[in-house]
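Report on the structure given below.
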Amino acid sequence: MNTHVITPGPYRATKLWNEVTRLFRAGMPLRKHRQNFRHYASCFTATSAVDWLHQLLRSNSNFGPDVTRQQTVQLLKKFLKNHVIEDVKGRWGTEDLEDNNVLYRFPSTSPLKPIPCPGQKPALAPGSVKKKNSFRDKESFFRFRGIKKHEKETQENADGVLTTQGEDQPTEQKAQRRDLTVGDEHDIWKDITMTHLQRILGVASLDEVLDQRYVNPQNIIHNMTKVNKHGVVTLEDKTNDLPHWVLSAMKSLANWPKYDSAQPSYPGFERDVFRTVSDYFYSLPQPLLTYELYELFINVLGVLQPQCERVAMEALQLCTLLLPPSSRRKLQLLMRMMSRISQNVDMPRLHPAIGTRTLMVHTFSGCVLGSAEECDLDELLATRLVSFLMDHQENILSVPEYLLSAITDHIEYLRTAQVPVDGAPIIDGVEPLCAPMPLYAFCRQISDAEFEQQKVESSQQAMEELLEILLTDQNINEKDRRKKLKQFQKQYPDIYCRRFPPSDTNNKPKIKPPLLNIKKTKAFSIRN
């Protein structure tokens, strides 16, 4: 069966729906069935469809082995609702589907959903604000005053103009500096973060996967700078924090059985506490990853492959910085509780038929990721994302120190380097600065196999350079040279043989054999 990974890009959820639909229609076995004394050709039972589709989803790299049979039944119900399938009497939409022997078939019409043209940009909603130019898009912001925009003008000429115009100006005027405004700093935080995220996802523009009007730089600053010693976001406004009774319930589950002795204890107490926590998170007005960032997190699933695990972790680390601080704090505490419960061997079973880890993932996936409009694959996609978040929550929900250093260093650089010169026009209400913005090139992460290969290659190259030094260094006398070459040949025979092949006898260094050890004979003595 032809299948491929849906890479990050616009309308990824719709592409995943079409991919699953195509594979299901192309591969589902059809045969003749009899029901109520009638024969129906080219149809299948609901149970057969669940069996086949469940195996397809588990083996598909876009979903993974965490897909349950019950989720497959839910997906088939959505297939019936969207007329991907119909019963043998042609009914669909209002009908229900169960895991039984009821017969279904494929309709003659195509069930694939249309994908909007990438070139079409949605019009702004009434009352919305047009996105302003970013900090780096303001070209005049980094130019000297008094310099016209000539494309072929060199930096030396610019310095000359600066010197000429500065001769007639008072010294005090040249020493004045214009500090970065709060808006300028916010733009720096946003632009550097977005630039790195775009490179990780490998998209031409983040506009394809994210409406940047929903990116608030104040959230990024808060999530990276206002954290406690455990790395959890702290809130100034406690009204948006978790209620005290929810925090107490989560702590008792995370630290089970070392909970507060003042709390009641009875058989099934842990199940009631777990139900209380889950009810609270489902009562929130929207998922923790927010409706606005739904499309972004769906696209991160495109890089969530075994060979790209580190890249996916780094992408999610940056995506979670865009969350409101209250949502990020709730997500951090929830993931820590889920991870501890799933690894706690002393925790009693919270469900008689479902394992603890599976229960954690499927219970909270709906309150972590979801779209404002019900998506047909929300549950499957959320399960895969939450499972990965829970396994790597320590790295994903921590502050990326490399990014924090890059942003703070750049802001400090602009603060010390900006020296405005009079005479330049103010464009867009912004005074230009003379300090250009340095471009940060972030390193590309490599796999473990590539790291080991590079380590071996660099080590061998260093040994080859050492051999050449032993052969050419004039400060080493011949006796020491022969001794060191012999030691090198013994320790690194492969590198030595590449430099002096066995057939190449002319270039091989002449090493004299060591002298024979002559034992001293004992002196003759009458006593002996």
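Each residue in the range 27-57 was checked for being farther than 18 Å from residue 98 by Cα and free of Cβ contacts under 8 Å to residues at least 24 places away in the same chain, and 9 pass. Considering 390, 338, the condition of being farther than 17 Å from residue 271 by Cβ, aliphatic (A, V, I, L, M) and open to solvent by less than 20 Å² (accessible area, probe 1.4 Å) is satisfied by 390 alone. Selection of the range 371-401 for residues being modelled with pLDDT under 90 and part of a loop (DSSP other than H, G, I, E, B) yields 371, 372, 373, 374, 375, 376, 377.
What is the residue count in the range 340-370 for residues that are in a helix (DSSP H, G or I) and touching an Asp or Glu at 6+ places or on another chain (Cβ under 6 Å)?
Initially, the range 340-370 is screened for residues in a helix (DSSP H, G or I), giving 340-343, 356-368.
Applying the additional criterion that residues be touching an Asp or Glu at 6+ places or on another chain (Cβ under 6 Å) yields none.
Of the residues in that region, 0 qualify.
In the set (1) under 23 Å from residue 19 (Cα atoms); (2) in contact with a helix residue (DSSP H, G or I) (Cβ under 7 Å, 6 or more places away or on another chain); (3) modelled with pLDDT under 90, residue 131 fails one condition alone, (1). Residue pairs whose Cβ atoms lie under 7 Å apart, separated by 6 or more positions or on different chains, with the first residue in the range 204-226 and in contact (Cβ under 8 Å) with a residue 12 or more places away in the chain and the second among the hydroxyl-bearing types (Ser, Thr, Tyr) and assigned to a loop (DSSP other than H, G, I, E, B), are 226/234. With respect to the conditions (1) modelled with pLDDT under 90; (2) within 26 Å of the chain's Cα centre (by Cα); (3) not hydrophobic (A, V, I, L, M, F, W, C), residue 266 lacks only one, and its number is (2). Being farther than 30 Å from residue 212 by Cβ and touching a residue at least 24 places away in the same chain (Cβ under 8 Å) is a property that holds for residue 83.
The residue pairs whose first member lies in the range 294-307 and is in contact (Cβ under 8 Å) with a residue 12 or more places away in the chain, whose second member is hydroxyl-bearing (Ser, Thr, Tyr) and surrounded by fewer than 22 Cβ atoms within 10 Å (Cβ to Cβ), and whose beta carbons are closer than 7 Å, counting only pairs six or more residues apart or on different chains, are 294/371; 302/7; 305/61; 307/447. For the range 224-244, the set of residues classified as under 25 Å from residue 278 (Cβ atoms) and in a helix (DSSP H, G or I) consists of 238, 239, 240, 244, listed by residue number. Inspect the range 331-339 for any residue being in a helix (DSSP H, G or I), of a type in the set (Ser, Thr, Tyr) and over 28 Å from residue 72 (Cα atoms) and give the result as yes or no. No, the conditions are met nowhere in the range 331-339. Only one entry of 267, 324, 285, 352 meets the criterion of being open to solvent by 20 Å² or more (accessible area, probe 1.4 Å) and in contact (Cβ under 8 Å) with a residue 24 or more places away in the chain, and that entry is 324. Can you go through 247, 253 and tell me which one is closer than 23 Å to residue 361 by Cβ, touching a Phe, Trp or Tyr at 6+ places or on another chain (Cβ under 7 Å) and part of a helix (DSSP H, G or I)? Checking each option against the conditions leaves just 253. Restricting attention to the range 234-241, does a residue exist that is within 30 Å of residue 13 (Cβ to Cβ) and over 25 Å from the mean Cα position of the chain (by Cα)? Yes: one or more hits. Looking across the range 10-34 at every residue that is under 18 Å from residue 304 (Cα atoms) and in contact with a helix residue (DSSP H, G or I) (Cβ under 6 Å, 6 or more places away or on another chain), the one that is modelled with the highest pLDDT is identified as 13.
Collect the residues in the range 322-342 that are of a type in the set (Ser, Thr, Tyr) and more than 18 Å from residue 239 (Cα to Cα), keeping them in residue-number order.
Applying the first criterion (of a type in the set (Ser, Thr, Tyr)) to the range 322-342 yields 326-327, 339, 342.
Once the filter is applied, which keeps residues that are of a type in the set (Ser, Thr, Tyr) and more than 18 Å from residue 239 (Cα to Cα), the range 322-342 yields 339, 342.
Being open to solvent by less than 10 Å² (accessible area, probe 1.4 Å) and at pLDDT below 90 is the filter here; which residues of the range 303-321 pass it? It would help to see each step written out before you state the result.
Narrowing the range 303-321 to residues open to solvent by less than 10 Å² (accessible area, probe 1.4 Å): 312, 315-316, 318-321.
Hit for the range 303-321 is 312, nothing else.
The number of residues in the range 29-51 being on the phi > 0 side of the Ramachandran plot and surrounded by 13 or more Cβ atoms within 10 Å (Cβ to Cβ) comes to 0. Here residue 469 fulfils each of the conditions (1) open to solvent by 60 Å² or more (accessible area, probe 1.4 Å); (2) at pLDDT below 80 apart from (2). Being touching a helix residue (DSSP H, G or I) at 6+ places or on another chain (Cβ under 7 Å), among the hydrophobic types (A, V, I, L, M, F, W, C), over 25 Å from residue 215 (Cβ atoms) and surrounded by 21 or more Cβ atoms within 10 Å (Cβ to Cβ) is a property that holds for residue 361.
The values are calculated or read from the model by the stated rules, or taken from the named source; none is laboratory data. Since we're looking at a predicted model, the values are computed, not measured. In this analysis, Cβ positions are derived from the backbone assuming ideal geometry, glycine residues included, and neighbour counts consider all displayed protein chains. With ligands, DNA and RNA removed, areas are computed over all heavy atoms of the protein, side chains included. Shrake-Rupley method; radii C 1.70, N 1.55, O 1.52, S 1.80 Å.
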